[in-house]
Structure formats: C-alpha cells, structure tokens
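Enquirer: Quick one: the structure is below, questions incoming.
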Amino acid sequence: MRRSDILDKEYHPYYKQYLDLTPDEEYARALSKSADDIVAFLSSIPTDLLEYRYDKGKWTIKEIIQHLIDTERIFCYRALRIARKDLTPISGYEQDDYVVPSKANRLTLEQLLDDYKATRACTISLYRSMDEEMLCQIGNANGNGMSARAALFVMVGHEIHHCNVIRERYL
C-alpha cells in the first residue's frame, strides 16, 4: 500500500495538507524512513534552541516533539479501532490541551527521541499486523470518515509539517 492508493473519501479534506507532504512510498518504508529522517533532523538541533519559543504562546521544540509522539499514539488508537471495525464514533482531541500537562521541557532530547522511536516501533508493528481489508476499513474519527491507511500517512505528513515549521521559525 502506498500513499497514492488512498482515496479522497478515506479522510477529511483538512488532512490533505499532510498527505500532500508524504512521499509516495510503500507504507512500511514511509514509516521507517520518516522516523530516521526525523530523528536525524531533531538530533541536529542545537541544545540551546530546544526550549526556544519564536513568539509568546508558541510551543518549544521539545513540546513539538512531544506533540508528534502524542499525535502518533492517538492516530494509532484511531487506526486500531477502525481496522477492528469498531463503528463507535471516535472523539477528537484538542492538541493544545496536551502541551502544558506533558511537561515536555523537563525531558532531555534523548528521552524524547527514545520515546519517539519506541512509539514508531509500535506503530510499525501495528500496521504490519493489518491486512488490506483492515487498512481500507473506514471509521468515524472526530465526526469524519477516516481509513486506517489514511491515518498512517497523515501521521507521516504531520511530522514533516512540524519539521518544516521548526526549520522556518526556530532555526
């Protein structure tokens, strides 16, 4: 399965911005390559910038990393429920409500990256366990249709988006 296999009906139009950022690769390759790229990029950021905010109320780089981890976990939960044909509507989440309670700035970059890598390993394991029917299953996430496979590529595009923001506004 590749990103180009995903149909418009498999995701809310809001997520197109993230899907458009993802390479058209086989899904396991997309997950592993993006993880390698993200870890290399984040590891290259000078330590003195990790708690920098480019404006009042904006997240630090550490908070962005935690946001990527939290979002991946939430999207994997959605994908699991969708793949298992759980038709119960899955509520949305307010990303800003997660930032302060995460206390990400108390963690080292190494701790955050270890958590990121562990989360990605779980994501890869989950998706490897899904067959084509499970990947194509569409459920109700935040009041909109989403397939398990669309959730995967949204996660990848979401982290590319945030790395682009870091490059443009923090470095």
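Per-residue answers, yes or no, for (1) more than 15 Å from the chain's Cα centre (by Cα); (2) at pLDDT 95 or above; (3) assigned to a helix (DSSP H, G or I); (4) not acidic (D, E):
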residue	(1), (2), (3), (4)
A40	yes, yes, yes, yes
Q66	no, yes, yes, yes
I69	no, yes, yes, yes
D114	yes, yes, yes, no
L126	no, yes, yes, yes
G139	yes, yes, no, yes
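Enquirer: While we're on this one: Condition first: surrounded by 13 or more Cβ atoms within 10 Å (Cβ to Cβ) and in a helix (DSSP H, G or I). Now tell me which residues in the stretch 128-137 satisfy that. Let's see the steps before the verdict.
Expert: From the stretch 128-137, those surrounded by 13 or more Cβ atoms within 10 Å (Cβ to Cβ) are 130, 134-137; that's our starting set.
Those that are surrounded by 13 or more Cβ atoms within 10 Å (Cβ to Cβ) and in a helix (DSSP H, G or I): M134, L135, C136.
Enquirer: Related question: Going by the structure shown, is R78 out of contact with any Phe, Trp or Tyr (no Cβ under 8 Å at 6 or more places or on another chain), buried (at least 18 other Cβ atoms within 10 Å of the Cβ), touching a residue at least 24 places away in the same chain (Cβ under 8 Å) and within 15 Å of M146 (Cβ to Cβ)? Write out each step before concluding.
Expert: Values: out of contact with any Phe, Trp or Tyr (no Cβ under 8 Å at 6 or more places or on another chain): yes; buried (at least 18 other Cβ atoms within 10 Å of the Cβ): yes; touching a residue at least 24 places away in the same chain (Cβ under 8 Å): yes; within 15 Å of M146 (Cβ to Cβ): yes.
Yes.
Enquirer: Looking at the stretch 54-70, which of its residues are crowded, with 17+ Cβ neighbours inside 10 Å and not polar (S, T, N, Q)? Break it down stepwise before answering.
Expert: The initial filter retains those residues of the stretch 54-70 that are crowded, with 17+ Cβ neighbours inside 10 Å, namely 59-70.
Matches in the stretch 54-70: W59, I61, K62, E63, I64, I65, H67, L68, I69, D70.
Enquirer: Can you tell me which of E10, E51 is at pLDDT 95 or above, surrounded by 15 or more Cβ atoms within 10 Å (Cβ to Cβ) and among the acidic types (D, E)?
Expert: Working: E51 fails: surrounded by 15 or more Cβ atoms within 10 Å (Cβ to Cβ).
The unique qualifying residue is E10.
Enquirer: Just one of the numbered conditions (1) within 30 Å of E132 (Cβ to Cβ); (2) touching a helix residue (DSSP H, G or I) at 6+ places or on another chain (Cβ under 8 Å); (3) in a helix (DSSP H, G or I) is not true of D24; which one?
Expert: (3)
Enquirer: For the stretch 139-150, how many residues are over 15 Å from R2 (Cβ atoms), of a type in the set (G, A, S) and buried (at least 22 other Cβ atoms within 10 Å of the Cβ)? It would help to see each step written out before you state the result.
Expert: First pass over the stretch 139-150, keeping only residues over 15 Å from R2 (Cβ atoms): 139-146.
Within this subset, residues satisfying the condition of being of a type in the set (G, A, S) are 139, 141, 143, 145.
Next, from what is left, pick out any that are buried (at least 22 other Cβ atoms within 10 Å of the Cβ): 139, 141.
Within the stretch 139-150, residues that are over 15 Å from R2 (Cβ atoms), of a type in the set (G, A, S) and buried (at least 22 other Cβ atoms within 10 Å of the Cβ) number 2.
Enquirer: Of the residues that sit in the stretch 86-109 and are outside any loop (DSSP other than H, G, I, E, B) and hydrophobic (A, V, I, L, M, F, W, C), which one is surrounded by the most Cβ atoms within 10 Å (Cβ to Cβ)?
Expert: Ranking the qualifying residues of the stretch 86-109, first place goes to A104.
The values are calculated or read from the model by the stated rules, or taken from the named source; none is laboratory data. Just so we're clear, the structure is a prediction, and the values are computed from it rather than from any experiment. Positions of Cβ are generated from backbone atoms using ideal geometry, with glycine treated the same way; all protein chains shown enter the neighbour counts.
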